[in-house]
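Structure first, then comments.
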Amino acid sequence: MKKIRNQIAAVSARKGVFLAMIMLFSTVIAISTAGPVYAKKKKKVKYKYTVTIAHAKNDERGKGSWDSVGSKPGDQTKKEVCMEPLGYYNSWSYVARPKSRKAAKTIAKQAIAGCKNNKIGYGKGDPSLSTAAEAVKYNLKNIKKKVYTDCFLFVEVCCNAAGIVASPIYLDDPAQAEEEKAEYAEWGEEPPQRSYDVFDVLKDKAHRKKIKPENLKVGDILVRKTKKHRHAAIVCKIKKKKIR
């Protein structure tokens with residue numbers, strides 16, 4: 001009886017080994033015929049950007065800086081100094097981007113405040129926005145009397161609010177600025193602030209003409225300077241929405 005049990009156990013063991021070999025062989029065949037295994041590609045997320053710019057646009061008669069003499073102070077139409085979508089404008093010469101993100105946020109904040117304050121209108125003459133802004137420590141919402149500004153002055157006053165006195169529009173020559181810094185250092189004095197000290201001036205293809213919204217940041221200053229057209233605006237809002 002014991003001999004029979006041993007024979008049955010031996011047969012069962014051989015059968016187990018045989019089944020294991022069959023399973024291993026089947027696995028090898030399946031892997032060899034399945035082909036390469038590719039990781040599933042993740043879908044690229046796409047976004048839609050909506051950019052809003054703040055700028056001094058034109059006077060109550062629709063006239064720009066060249067012929068705005070005779071306009072009234074203050075914003076008569078609530079559109080003289082206003083916020084608009086970037087898409088309407090497609091001819092920029094360069095972008096002046098504040099090197100300090102804190103300064104950029106302040107510039108954008110004051111640009112919005114200036115657009116909402118209808119005491120600030122488009123035109124040439126006195127009282128000027130620069131004088132009124134200085135009197136209220138560049139908090140543009142606190143300007144109470146009607147004043148004039150144009151696009152360049154509006155941008156520069158918003159920069160003044162962030163402690164920037166160098167112009168993003170009338171750019172300094174970098175080489176000359178370095179020479180002047182060296183001269184001031186010899187005299188033991190602080191050199192004046194230069195545009196290239198506080199702004200990255202972007203003139204590459206991605207930041208000229210019709211600029212794609214994704215290439216911009218809040219606080220960026222858009223400048224157009226051609227023989228026929230001159231304008232400047234501030235990127236004050238950017239909304240990013242996932243579309244896929």
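Table for the structure above
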| read-out | value |
| --- | --- |
| Total residues in the stretch 84-121, condition modelled with pLDDT of 95 or more and of a type in the set (Ser, Thr, Tyr) | 4 |
| LYS241 more than 27 Å from GLY125 (Cα to Cα) and in a strand (DSSP E or B) | yes |
| Matching residues, the stretch 143-168, being surrounded by fewer than 19 Cβ atoms within 10 Å (Cβ to Cβ) and of a type in the set (A, V, I, L, M) | VAL165 |
| Looking only at the stretch 175-228, and only at residues there that are crowded, with 16+ Cβ neighbours inside 10 Å and assigned to a strand (DSSP E or B), the one that is farthest from the chain's Cα centre (by Cα) | ARG224 |
| In the stretch 235-244, the residues that are within 18 Å of MET83 (Cβ to Cβ) and more than 10 Å from the chain's Cα centre (by Cα) | LYS239, LYS240 |
| Residue match in the stretch 94-112 (condition: surrounded by 16 or more Cβ atoms within 10 Å (Cβ to Cβ) and closer than 18 Å to ASN58 by Cβ) | yes |
| 2 or more residues over 14 Å from TYR148 (Cα atoms) and not hydrophobic (A, V, I, L, M, F, W, C): qualifying strands (runs of 3 or more DSSP E) within the stretch 63-137 | 81-85, 94-98 |
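The values are calculated or read from the model by the stated rules, or taken from the named source; none is laboratory data. Remember, it's a predicted structure, so these values are computed and weren't measured experimentally. Don't worry about glycine lacking a Cβ; one is built from the backbone with ideal geometry, like all the others, and counts go over all protein chains shown.
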